[in-house]
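The values are calculated or read from the model by the stated rules, or taken from the named source; none is laboratory data. All of these numbers come straight from a predicted model, not from anything done at the bench. Cβ sites come from the backbone with ideal geometry, for glycine too, and all protein chains shown count toward neighbours. Surface areas here come from the heavy atoms of the whole protein model, side chains and all, with no ligands, DNA or RNA. Shrake-Rupley method; radii C 1.70, N 1.55, O 1.52, S 1.80 Å.
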Amino acid sequence: MRVIFATAELSPVATVGGLAAAAAGLGRELRRGGIDVDLVMPDYGNVALVDEVTFELDVPDWVGTATVRRGRHAEVGMLTLVSVPGIARPHPYLQADGSGWEDNSERFFRFSRALAALIERERPDLVHLNDWHTGSALAALGPDAPPTIVSIHNLAYQGVADDSWLERIGAHASHFEWWGGTNPLSGAIALADRIVAVSPHYAEEIQTPEDGFGLDGLLRDRHDVLLGILNGIDTDVWDPSSDPLIPANFTASSLEGKATCRGALVERLGFDADRIPLATVVTRLTDQKGIDLLVPLIPLLDQIPLRLGVLGSGDAALAADLHRLAAQHPESFAFVEGYDEALSHLMFAGADLFLMPSRFEPCGLTQMQAMRYGTPPVVTAVGGLVDTVPDVDRQRGGVGFVAAEATPEHLLAAMFRAARRLRTARDRTTLQKRIMSIDWSWSQPAQTYAALYADLIAAEQRS
Ligand code: ADP
Ligand code: GLC
């Protein structure tokens with residue numbers, strides 16, 4: 001089975017959010033299962049490949065020169081990089097001041113048109129696209145194109161541009177027409193053979209006006225080909241028994257190392273060494289993640305009592321608020337601004353609780369990473385958090401603490417319940433052992449994808 005799997009992000013080549021980890025994790029596991037996966041991404045520049053082969057694609061003039069580099073990447077294995085004018089930038093989407101490149105839609109229209117040419121040339125058995133960046137490839141595919149899947153990692157981003165692109169992107173452009181503009185995601189949703197949301201609950205939510213970001217009607221029309229498949233995490237990278245980025249390793253049956261990690265984290269965040277529960281957050285600072293909902297709670301933390309450490313980067317105004325609060329409440333709140341992989345591992349390993357106050361969350365990887373390190377999550381009841389975090393107080397075998405709504409009041413109540421539950425060592429270790437034994441690997445999700453691929457290919461061969 002030969003599959004072209006196209007993504008704008010892929011760890012460790014280009015990482016912005018969970019898409020990079022999800023694409024890399026799924027790609028690797030599908031390959032382990034014997035599927036010939038061609039990982040295709042934009043050539044952002046400065047990526048070294050071994051045994052490289054280069055060729056040009058046959059694309060319309062508006063795309064410019066489209067060049068493919070294919071070879072072995074030290075960590076990813078075989079990798080296909082597609083270069084079009086304007087795609088190579090220091091960051092896939094953002095300028096130095098944090099705002100998006102003004103020509104982002106255009107850059108990915110060109111990339112997607114080149115991707116369509118690559119698909120025509122290679123004739124794989126199936127094409128798997130991810131998010132809006134790759135969506136408009138479907139505008140240009142011919143009648144004998146292979147079956148197609150589009151994965152939705154985050155419906156909040158759609159890459160909408162003006163309507164002039166409708167004349168260029170391909171013969172099926174009318175499906176991409178969107179309120180006087182061009183929407184690469186709506187067209188992909190209209191045309192793909194299957195639409196996969198990154199968790200079952202998100203697949204339901206996006207069909208409602210509240211969470212559909214304007215595409216709910218279209219998604220309802222296509223509900224018979226829409227399904228949710230929960231992401232996994234890379235359990236080799238996220239493994240407390242061998243993680244080189246934490247000061248001591250540990251397992252569910254021997255948790256002493258977690259206490260060492262806790263001690264190191266308490267010190268790193270500048271807190272007193274005592275048993276007051278320590279909660280952490282590791283996140284992009286965007287509206288989606290709801291970190292602003294914690295702001296009014298920070299002055300109340302010592303009454304729960306709870307300590308909170310946040311590692312995050314993004315929204316500058318929110319970061320300024322968090323710096324100010326950290327200066328005002330140094331005994332209970334610490335903020336580290338930035339994207340820091342090494343520190344993130346310590347934040348998962350050393351904490352007693354992990355907070356995710358998301359307003360919406362297509363899947364979420366961090367709650368799974370936290371649980372792998374024996375850290376129970378406190379979450380809102382949205383998206384993949386519903387699928388991965390049953391509440392300890394409501395369900396037998398529950399794994400975390402769920403706030404019914406994304407409001408400071410509901411979050412405070414959930415944090416309070418969590419802090420109380422952690423009081424006795426027995427309750428604490430029972431929960432830690434339970435959550436550390438869950439299998440969050442890509443093994444099961446990859447089998448589900450492989451079965452979906454096989455079904456679509458078989459259906460195509462019958463028709
Ligand atoms: P999203 O993709 O919406 O940002 P996910 O939970 O799916 O959220 O994935 C985020 C990934 O990025 C996780 O692997 C998380 O550990 C990592 N991450 C997010 N913010 C930071 C940060 N500030 N420093 C280090 N790693 C981060
Ligand atoms: C997006 C979502 C996140 C999801 C990730 C990987 O970035 O925000 O919830 O886990 O994609 O699918």
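Before moving on, here are some points about what is shown:
- Matching residues in segment 69-122 - criterion: being within 10 Å of residue 42 (Cα to Cα), β-branched (Val, Ile, Thr) and assigned to a loop (DSSP other than H, G, I, E, B): 84, 87
- Just one of the listed residues (72, 2) is under 18 Å from residue 449 (Cα atoms) and surrounded by fewer than 20 Cβ atoms within 10 Å (Cβ to Cβ), and it is 2.
- Helices (runs of 4 or more DSSP H) contained in segment 316-400 and holding at least 1 residues open to solvent by 10 Å² or more (accessible area, probe 1.4 Å) and farther than 21 Å from residue 417 by Cβ: 316-328, 341-350, 366-372
- Hey, residue 91 within 16 Å of ligand 1 (Cβ to nearest atom) and of a type outside the set (D, E, K, R) or not: yes
- For segment 158-187, the set of residues classified as out of contact with any helix residue (DSSP H, G or I) (no Cβ under 6 Å at 6 or more places or on another chain) and either within 16 Å of ligand 2 (Cβ to nearest atom) or modelled with pLDDT under 95 (or both) is empty.
- Residue match in segment 333-345 (condition: away from ligand 1 (no atom under 11 Å from the Cβ) and either within 20 Å of residue 410 (Cα to Cα) or touching a residue at least 40 places away in the same chain (Cβ under 8 Å) (or both)): yes
- Those residues of segment 219-248 which are more than 21 Å from the chain's Cα centre (by Cα), open to solvent by 30 Å² or more (accessible area, probe 1.4 Å) and touching a residue at least 12 places away in the same chain (Cβ under 8 Å), in sequence order: 220, 222, 223, 245, 247
- Extreme residue, modelled with the lowest pLDDT, among residues of segment 1-49 that are out of contact with any strand residue (DSSP E or B) (no Cβ under 9 Å at 6 or more places or on another chain) and more than 16 Å from ligand 2 (Cβ to nearest atom): 46
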